[in-house]
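Asker: Below are the structure tokens for one structure; questions will follow.
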Amino acid sequence: MKDEIIKILQKTFEPLGISDISVALDFPENAEYGDYTSNVAMINAKRLGMKPVELATKIVADFDKLVAKASLKGLMKSVSVAGPGFINFTLTAEAVSKNVQEISRELNGPKGSNSLKGQISNIGAGKKVLIEYSSPNIAKPFTVGHLRSTIIGDSIARILSATGYSVIRDNHLGDWGTQFGKLLVAIEKWGDEFGGLDGIKKSENPIKILVDLYVKFHDEVAIMEDSEDEKLKTEAEELVTFARAKSKILESGKDPIISEIWKVCVDLSMHEFALIYTRLGVSFDPKRGDTQIGESFFVTPDKINPVRDALNAKNLLKESEGAKVVFFGSEDPKSWKLPPLIVEKSDGTSIYATRDLAADLYRINTYGKGLILINEVGAEQNLYFKQLIETETMLGWFTKGQRLHIAHGLYRFKDGKMSTRKGKVIWLGDILDEAVTRASKINADSANDVAVAAIKFNDLKRDSIQDIVFDWDEMMSMTGDSGPYLQYSCVRAKAVIEKAKGLGIVAHIGPGSGEGSTRPKIAQIDLLERYLIRFQSVVEFAGASYRPNVIANYLINLAALFNSFYSQVMIADAKDPMAAYKVAVTQAFAMTMERGLDLLGIKVPKKM
RNA sequence: CCGCUUGUAGCUCAAUGGAUAGAGCAGUGCUCUUCUAAGGCAUUGAUGUAGGUUCGAUUCCUACCAGGCGGACCA
């Protein structure tokens with residue numbers, strides 16, 4: 001219907017001598033302005049030497065003539081000029097009914113099969129996208145920091161999948177680098193306190209011990225560096241050098257003991273992550289084509305060498321202060337578009353950029369050159385991703401818009417950044433536990449679903465670039481604009497449908513049930529229906545802009561409309577001649593809400 | 001010092017360059033013999049400062065102020 005209106009609008013410009021006009025059709029904020037609105041008249045008036053209102057009036061007149069001949073006939077109640085030159089379109093009640101009916105049918109799937117997992121749109125048909133998100137680090141805490149990437153990335157993957165894209169989810173595990181060298185040194189130096197590697201393995205919370213050791217390394221080094229004693233200062237330097245050396249040995253793969261310790265750490269962490277993903281309802285499913293490949297996979301010569309060859313082939317690899325770097329401009333700093341990117345450390349080992357380049361080359365080779373590649377990673381890596389994407393563009397791997405960094409702001413404390421190294425972190429497990437405790441006070445049966453809904457929604461309702469100051473109460477909000485509120489609204493609607501079924505009311509939006517027939521002339525129903533039919537467009541927009549919060553905000557408004565309808569319009573009453581229609585709208589709402597929440601990774605419990 | 005980013009109500013957030021800037025929390029007053037009151041109804045209250053572009057600016061541009069994050073061998 002939207003496309004139809006746009007097409008006809010474009011035709012109205014033909015007599016004016018414009019054949020290639022682009023027309024945007026928006027949803028008006030205010031219901032009294034109708035179902036769709038367009039500002040084409042205001043935008044193009046100047047170009048045509050007309051006043052906006054004058055042009056709008058002419059367009060409306062032509063539009064009416066064209067509509068009489070088109071398939072929209074009888075579906076458009078009014079087209080009018082308003083304000084400074086807006087053209088507002090209002091659908092007839094019949095058209096709205098028809099649309100709501102279609103929503104029910106589509107969300108309900110063919111022949112009543114539950115196609116909640118089905119597509120909402122096919123704008124992404126034929127396109128393949130790989131989205132890298134979550135990406136926790138081995139032997140580090142899974143903190144609220146990784147939570148954002150996990151929640152947002154998972155939601156974007158769901159939205160893209162629902163809009164027709166073929167989606168590959170990739171958990172790019174941080175299992176490599178100098179950080180590991182530090183941990184190896186710490187295990188060697190202080191690991192015996194915990195019974196060595198075996199003792200750590202068997203302990204109740206092995207990851208906690210590994211993190212404590214890692215923190216201890218940084219604490220000790222910091223203390224030594226700060227001391228007056230020159231000997232201690234030298235010792236601190238040696239420790240860091242030693243850690244780098246360890247990571248070099250690890251990368252060489254020549255020390256079986258070091259490699260074994262690394263393997264144990266990876267296994268312990270993977271076990272821990274799996275538990276958290278289950279609780280969060282997030283999955284990387286190989287059957288679906290998802291992958292969980294660690295950085296370590298990309299450090300072998302068969303992955304690294306092609307990157308070096310590709311860079312050399314374009315003469316991009318330059319030596320600078322002992323390391324190999326890529327310049328963005330000449331070697332003169334004044335010409336730099338961006339600071340140089342180190343691709344190989346001076347000791348010859350890989351750095352994150354090397355591994356990322358290798359990973360992306362591998363992905364192109366595996367999934368084909370048309371692949372859209374997205375990293376959902378914190379905004380603090382903005383500069384790095386600019387460098388990486390610029391490098392890959394220079395290599396000819398990607399074209400514009402095909403390689404994206406979707407950034408999010410960080411969780412921080414009122415008085416500063418979170419930091420694993422300083423031991424200033426909040427473990428996600430603790431947050432989930434606390435949220436479940438709070439949720440179980442109001443819903444013991446589905447405490448985990450409610451808790452997760454609260455946490456996810458609190459994140460997804462925001463524009464993700466914003467930083468979030470960590471606050472227990474806010475993070476677990478279960479009233480007002482919250483995940484549980486939406487779950488509650490949905491469960492409530494389902495209760496009505498059940499009740500109606502018991503009373504023998506058959507949900508029905510009859511054919512030709514126009515105004516004055518079986519469609520009740522009730523403002524709450526009208527508003528709810530007209531908002532319901534926006535769902536597909538909202539999801540498409542959310543996908544195109546990679547912004548789950550578009551859907552979150554839509555669902556909040558939708559729930560408010562339903563709750564208002566619910567509390568003011570009695571529904572399941574067998575004597576009410578409008579009952580069949582009301583129940584049908586309730587059903588459309590419940591299905592839309594459940595599908596919408598699913599796109600945010602939120603499950604609707606059976607009962608609340 | 002340079003770059004990126006954010007600044008909206010007492011607090012936390014919305015608002016693809018549009019019409020009367022929306023919510024939630026907190027406050028105040030109503031509302032459960034009725035399919036779920038985690039709800040509904042009413043009410044108080046805001047675009048950092050100064051310019052510019054535009055028919056129209058919270059949105060785009062410039063400067064300033066304030067917070068956050070980055071800036072070569074961590075990721």
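Quick note: the coordinates plus some simple rules give every number you see, no bench work behind them. Model, not experiment: these values are computed from the prediction. Cβ coordinates were reconstructed from backbone atoms using ideal geometry, including for glycine residues, and neighbour counts include every protein chain displayed.
Asker: HN-Hα J couplings of the range A:182-194 from phi, Karplus 6.51/-1.76/1.60, θ = phi - 60°, integer Hz, Gly and Pro as x?
Answerer: 3J(HN,Hα) across the range A:182-194, in whole Hz: 4, 4, 4, 4, 5, 5, 5, 7, 10, x, 4, 4, 10.
Asker: With no solvent and one equal point scatterer placed on each C-alpha of the range A:178-413, evaluate the Debye formula and give log10 I(q)/I(0) for q = 0.10, 0.13, 0.17 Å⁻¹, two decimals.
Answerer: Values returned for q = 0.10, 0.13, 0.17 Å⁻¹ are -0.62, -1.03, -1.44.
Asker: Determine the dipole magnitude for chain A: charges of +1 sit on the beta-carbon of Lys and Arg, -1 on that of Asp and Glu, nothing else is charged, the reference point is the Cα centre, and the result goes in debye to the nearest 20.
Answerer: Details: 77 positive and 78 negative charges, 517 e Å.
Charge dipole of chain A: 2480 debye, to the nearest 20.
Asker: Using R₀ = 30 Å, calculate the FRET efficiency as 1/(1 + (r/R₀)^6) where r is the Cβ-Cβ separation of A:SER537 and A:THR366; round to 0.05.
Answerer: Computed FRET efficiency for A:SER537 and A:THR366: 0.35.
Asker: Still on this model: May I ask what percent, to the nearest 5, of DSSP beta bridges between residues of chain A are antiparallel? It would help to have the intermediate numbers written out before the result.
Answerer: Values: 24 of 45 bridges.
Antiparallel: roughly 55 percent of the beta bridges in chain A.
Asker: So, one more: Quote the FRET efficiency, to the nearest 0.05, computed for A:LYS606 versus A:ALA379 with a Förster distance R0 of 45 Å and r equal to the Cβ-Cβ distance. Kindly include the intermediate steps, with their values, before the conclusion.
Answerer: On the way: r = 39 Å, r/R0 = 0.86.
E between A:LYS606 and A:ALA379, to the nearest 0.05, is 0.70.
Asker: Hey, rough spin-label estimate for A:LYS314 and A:SER567, points 7 angstrom out along Cα→Cβ, what's it come to in nanometres?
Answerer: Simple spin-label model gives 5.9 nm for this pair.
Asker: Let me ask something else about it. Take chain A, mark every one of the GluC sites (Glu not before Pro) that falls in a DSSP loop and has at most 15 other Cβ within 10 Å, then report the longest stretch left between them, sites excluded.
Answerer: Longest stretch, sites excluded: A:332-608.
Asker: Starting from the Cα of A:LYS127, step 7 Å along the direction of its Cβ; do the same at A:ASP433; then give the gap between the two resulting points in nm.
Answerer: The answer from the label model is 4.4 nm.
Asker: From the phi of every residue in the range A:7-24, what ³J(HN,Hα) in whole Hz does the Karplus formula 6.51 cos²θ - 1.76 cosθ + 1.60 yield, where θ is phi - 60° and glycine or proline is x?
Answerer: 4, 5, 4, 4, 5, 5, 8, 4, x, 8, x, 10, 10, 10, 6, 9, 10, 9
Asker: Using only the Cα atoms of chain A, what semi-axes does the equivalent ellipsoid have when each is the square root of 5 times a gyration tensor eigenvalue? Give whole Å, largest first. Provide the component values of the computation, followed by the final result.
Answerer: Values: eigenvalues 558, 206, 77 Å².
Rounded to whole Å, the semi-axes are 53, 32, 20.
Asker: Please compute the length gained on full extension between A:HIS271 and A:ASP302, using 0.36 nm multiplied by the number of residues separating them and subtracting their Cα-Cα distance.
Answerer: Taking 0.36 nm per residue and subtracting the Cα distance, the gain is 8.3 nm.
Asker: Going Cα to Cα from A:LYS441, which lysines come in below 22 Å? Please leave out same-chain ones fewer than 8 positions away.
Answerer: Hits, sequence-local ones excluded: A:LYS456, A:LYS603, A:LYS606, A:LYS607.
Asker: So if each residue of separation counts as 0.36 nm, and I subtract the Cα-Cα distance between A:ASP576 and A:PHE413, what length gain in nm does that give?
Answerer: Full-extension gain reported as 53.2 nm.
Asker: Residues of the range A:204-244 with the amide nitrogen closer than 16 Å to a label point 7 Å from the Cα of A:ASP347, along Cα-to-Cβ, please.
Answerer: Under cut-off, by backbone N: A:235-244.
Asker: So how much slack lies between A:LYS441 and A:GLU474, counting 0.36 nm per residue of separation and subtracting their Cα-Cα distance, in nm?
Answerer: 10.2 nm
Asker: Then there is this: Report the trypsin sites (Lys or Arg not before Pro) located in the range A:542-596 that are in a DSSP loop and have at most 13 other Cβ atoms inside 10 Å of their Cβ, or state none. If you can, show how the numbers build up before the last one.
Answerer: Numbers: sites: A:LYS575, A:LYS582, A:ARG595; in loops: A:LYS575.
Taking the range A:542-596 and a limit of 13 other Cβ atoms within 10 Å, the loop trypsin sites (Lys or Arg not before Pro) found are A:LYS575.
Asker: Also, quick follow-up: Within the range A:55-90, find all residues whose amide N lies under 20 Å from a label point positioned 7 Å from the Cα of A:ALA523 along Cα-to-beta-carbon.
Answerer: A:90
Asker: Based on the Cβ-Cβ distance of A:ARG279 and A:SER78, what FRET efficiency does E = 1/(1 + (r/R0)^6) give at R0 = 60 Å, to the nearest 0.05?
Answerer: 0.70
Asker: Just how far, in whole angstrom, is the range A:2-32 from the range A:458-476 if you go by their alpha carbon centroids?
Answerer: 38 Å
Asker: Hey, for a label at A:ALA495 modelled as a point 7 Å past Cα toward Cβ, could you say which residues of the range A:581-607 have their backbone N under 13 Å away?
Answerer: A:606-607
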